[in-house]
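The values are calculated or read from the model by the stated rules, or taken from the named source; none is laboratory data. Keep in mind it's a predicted model, so treat the numbers as computed, not measured. Note: ideal-geometry Cβ built from the backbone for every residue, glycine included; neighbour counts use all protein chains shown.
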């Protein structure tokens, strides 16, 4: 029993999910936030976040495609929405 008490104070539970989450959040929050465009990202796999007016609105991952392609898809989708909204406003 005395043997156990020597190392017992050094035991702890390591929560790997929490550790990874905190590292990901730290890196994403310190990353630059360039305007969304079709060529804004490198042709690599990874995770990304989208902000609108300084607020996080979406977090995603590009694992079966590249960040460049996935963000280009987002950019085109948003561009299409803006055009439709402009047409709706013009008609109203």
All but one of (1) at pLDDT 90 or above; (2) in contact with a strand residue (DSSP E or B) (Cβ under 7 Å, 6 or more places away or on another chain); (3) not in a helix (DSSP H, G or I) hold for residue 70; state the number of the condition that does not hold. (3)
I'm told residue 10 meets every condition in (1) over 30 Å from residue 82 (Cα atoms); (2) at pLDDT 85 or above except one. Can you identify the failing condition by its number? (2)
Kindly indicate whether residue 34 is at pLDDT 85 or above, touching a helix residue (DSSP H, G or I) at 6+ places or on another chain (Cβ under 9 Å), in a loop (DSSP other than H, G, I, E, B) and surrounded by fewer than 13 Cβ atoms within 10 Å (Cβ to Cβ). no
Answer with yes or no whether residue 56 is part of a strand (DSSP E or B), within 16 Å of the chain's Cα centre (by Cα), at pLDDT below 90 and surrounded by 11 or more Cβ atoms within 10 Å (Cβ to Cβ). yes
Six or more apart or on different chains, Cβ atoms under 6 Å: show the pairs whose first residue is in segment 12-39 and under 25 Å from residue 54 (Cα atoms) and whose second is modelled with pLDDT of 85 or more. 28/49; 33/51; 34/40; 36/75; 37/75; 38/72; 38/75
